[in-house]
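Derivation of every value follows stated rules applied to the coordinates shown; laboratory data play no part. Fair warning: this is a prediction, and the values are worked out from it, not measured in the lab. Neighbour counts are summed over all protein chains in view; Cβ atoms, including those assigned to glycine, are modelled from backbone coordinates with ideal geometry.
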Amino acid sequence: MTTEAIKEIKPNKLQQQCIDSINGKYLVLAGPGTGKTFTIIERIKNMLTKGIAPEKILCLTFTDAAANEMKKRIEDELKVISSGVQIFTYHSFCGSIIDEFAEDFEIPSNYKVISDVISKALVKECIDEIQPVYFRTEKNDPYFYINKIKKRIELIKQNRLTKENFFKNLKENPDWEPEIEKIQSIIDDVEQGRNKRYKKAPYDKKESAVKKVEQAKELWKFYELYQRKMAKQRYIDFNDMINMVLEKFELNPSFLNQIANRYEYIMVDEYQDTNKSQNEIVFALSRELETQNIFVVGDDDQIIYRFQGAKLDTIENYLKEFPDTKIICLIENMRSTQSILDTARAIIEQDPLSLINSSNFKDKDGNPINKNLIAKNNEIIAKDKPVRFYKYADVMQEYVEIVKEIEKLINSQDCPKDSKTGKKKYSEIAILTRSNAEAQTFGEMLKARNIPFELKEGKDIFTIPAVNLLYFYIQFLIDPEMHSARIFELLMMKPFSINPKDYQILYKEVSKTKTFVDALRSIPKDKFIESEKFENFLKTYDYLREYMTKENIKNTVLEIGAKTGIFDYYLNTEINQTESIAGLKKFVDEAVGFSEVYKTSFLEEFYTYLKSIIEDEDKICTDKAPVTLNAVQLCTYHSSKGREFEYVYMPTLDTYKWESSSKS
């Protein structure tokens, strides 16, 4: 639906019940397309209309995007610059508390929030110091595990594990050390002929179990060293913010009371996506709030942040903790056809962990709760078609068929059109994928058919020509003897634009010298048709070779981009301009982040860092585009939440790809 359509909608009966329910405890189960955000905004407007002071309303939501959208919509509705309503993400809420009470938290006033690039750099430092035995590949590469170690450190923080609890879990949890003992018992029985089920003893399983436990023990070393390094450089992360505030709440009940009772009303959005520590923030505030005016919104069927620690039983546990909570279900869907809703319900019902399959899923009076969604948008109902389900022989056949169908669609009368201009609206067509890699594969296939597309998750910067040219030039500056060839090949291209005949003259001389720079210096100027271009190239090269030994990484990268003309050309050419700008910006951001960690380092160290990323087949991706282009949208399922399209393709829906067999 368009924004204009949303503004014209009057609340339905259940939405109005939410809007009018100001005092007391409520849990709103808001299915997709049921107007959750609209309802929350209208409820806040109603509260303000009734004279409730905006600073007495606390809204917690999961992402910065959701918080910013809520702020903007309230301000637009009220026609004010700032509504005064206290809207935060969990980390920004805790960050504001830390900033206000910095002395109580014993944190330096100039602390910094760590970025992803700096975090990875610190993990790499930890690897160099710890020299792990078990976080190491068969090819003896420990850096392969940088991302895995980083994510596991985050999980330790999200679950607020102490050293005692961590190692107690290893000792007592049947998936860890007891698993080794169990396998060893089977091995003993097989070796002594007491177990005939196994043809040979499961030594490989024992080896895997031992590696898993030993990695966990090494992980704690990484966690402790990583935290010390962060503290030394005055860094904290979002998990630290939340945990510091939780610890203060637990150790100082009066402090919790002071913070909670600044407010009279607490609203929580996207509650299903909270992890353990975020959920503890909600519980702490809910228990302490004197007015007990709490309004929690979520839907267990829409959990998309399990990779960040969200749990399937979050909503069920809230109802157990606060059994007097009244439940309201928003079930009137304005986004989809009934066929789509029924198909989704049929799939969800197969999940034994879904709330609808829980015997505890009842209201406070013991009555069963109905979450079945009903299509209510007549315009969309009129377009109802059966959901199509296809099986293919292999993945590539599936990809090809989807791209062919999209090509057929955009060349037909059924292609979505802009209601005002009548132009084709490709952005109403989407392919949802499990991973960015899969989305990029579709991007290449669409590109081959000249179909415009947009990757909403960001693109690997090393697949962007502007970034590659900047990287190759840096490589060339650092070691012209080893890395002249690639730049030499690109001399006839923009921004260098060397005359082809001049290039041929230079080419004949290159084989006689070590580098094409030496060849260029040896050829008389009058031999060239456009000698000034070579003169400028050499002048820039000599200048940058000296500059990079004196200046920091950020300034050096910016100077290279400016002096070579790489920035000027790619930022002003219309061909792939958006992509080039995003890629170059991210490249510079990486340089800034790297230089913040390694303050005394120079360009060569930054190049080595970039080289390791490429060799490890890791990626640095551009930031998500803030504006949607008129192009086929390629999104992961996770990033597509809340977005709406007329045509949606959902490839590779295979159980084995989606359901993790690993034990947590």
In the range 574-639, the GluC sites (Glu not before Pro) that sit in a DSSP loop and have at most 10 other Cβ atoms within 10 Å of their own Cβ are Glu574, Glu617
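With r defined as the distance between the Cβ atoms of Glu100 and Asn411 and R0 fixed at 56 Å, what FRET efficiency is calculated, to the nearest 0.05?
The value I calculate is 0.45.
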For the range 62-67, Karplus-derived ³J(HN,Hα) couplings (6.51, -1.76, 1.60; θ = phi - 60°; whole Hz; x for glycine and proline) come out as 8, 10, 4, 4, 5, 5
Coil-residue GluC sites (Glu not before Pro) of the range 127-179, DSSP, other Cβ within 10 Å capped at 13: Glu138
At 0.36 nm per residue, minus the direct Cα-Cα distance, what do Lys624 and Asp313 gain on full extension? Give it in nm, one decimal, please. 108.9 nm
Give me the distance between the Cα centres of the range 34-113 and the range 171-249, rounded to whole Å. 39
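Want the number for Lys424 to Ser601: 0.36 nm per residue separation, take away the alpha-carbon distance, what's left?
Taking 0.36 nm per residue and subtracting the Cα distance, the gain is 58.6 nm.
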For the range 13-28, what does the Karplus curve 6.51 cos²θ - 1.76 cosθ + 1.60, with θ = phi - 60°, yield as ³J(HN,Hα) per residue in whole Hz, taken in order and with x for Gly and Pro? 4, 6, 4, 5, 4, 5, 5, 7, 7, 8, 9, x, 9, 9, 10, 9
Scoring the range 417-529 by relative contact order with C-alpha pairs under 8 Å, at least six apart, yields a percentage of 12
Among (i) -0.62; (ii) -0.47; (iii) -0.55, the entry that matches log10 I(q)/I(0) by the Debye sum over Cα atoms at q = 0.07 Å⁻¹ as calculated here: (i)
What is the calculated FRET efficiency for Glu164 to Arg287, with r their C-beta to C-beta distance and R₀ = 30 Å, to the nearest 0.05? 0.70
Note down the relative contact order for the chain as a percent, whole number, built from C-alpha pairs under 8 angstrom at least six residues apart. 16
Set Lys10/Lys417; Lys171/Lys276; Lys56/Lys232, cut-off 29 Å on Cα-Cα distance; pairs above it are Lys56/Lys232
Could you pull out every residue, at least 5 positions away or on a different chain, whose amide H is within less than 5 Å of the one on Thr89? Hs are placed 1.01 Å off N in the peptide plane, and Pro or chain starts have none. Thr61
Listed pairs Lys150/Lys586; Lys120/Lys585; Lys320/Lys383; Lys151/Lys585; Lys150/Lys611; Lys212/Lys599 exceeding 30 Å between Cα atoms: Lys320/Lys383; Lys212/Lys599
If I model a spin label at Ile22 and Tyr637 as a point 7 Å from the Cα along the Cα→Cβ vector, what separation in nanometres do I get? 4.1
Tell me, what ³J(HN,Hα) does each residue in the range 367-384 have, in order and in whole Hz, if you take phi through Karplus 6.51 cos²θ - 1.76 cosθ + 1.60 with θ = phi - 60° and put x for Gly and Pro? 8, x, 10, 9, 10, 5, 7, 10, 5, 10, 8, 4, 5, 7, 4, 5, 9, 4
Would you list, by chain and number, the aspartates and glutamates whose Cα falls below 14 Å from the Cα of Lys512, excluding same-chain residues fewer than 8 positions away? Glu481
For the charge dipole of the chain, defined by +1 on Lys and Arg C-beta atoms and -1 on Asp and Glu C-beta atoms about the Cα centroid, which residue among Leu544, Phe645, Ser497 has the Cα displaced farthest towards the positive pole? Phe645
Counting alpha carbon pairs within less than 8 Å and at least 6 residues apart, what relative contact order, in whole percent, applies to the range 21-120? 23
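As an exercise, use a Förster radius of 35 Å and the Cβ-Cβ distance of Ser339 and Asp76 to find the FRET efficiency, rounded to the nearest 0.05.
According to the calculation, E is roughly 0.55.
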GluC sites (Glu not before Pro) within the range 443-494: DSSP coil, no more than 15 neighbouring Cβ in 10 Å: Glu481
For Cys329, what residues show an amide H to amide H distance below 5 Å, using hydrogens built from the backbone and excluding near sequence neighbours? Leu29
Non-local amide H neighbours of Lys112 (under 5 Å, H modeled in plane, Pro and chain starts lacking H): which ones? Tyr235, Ile236
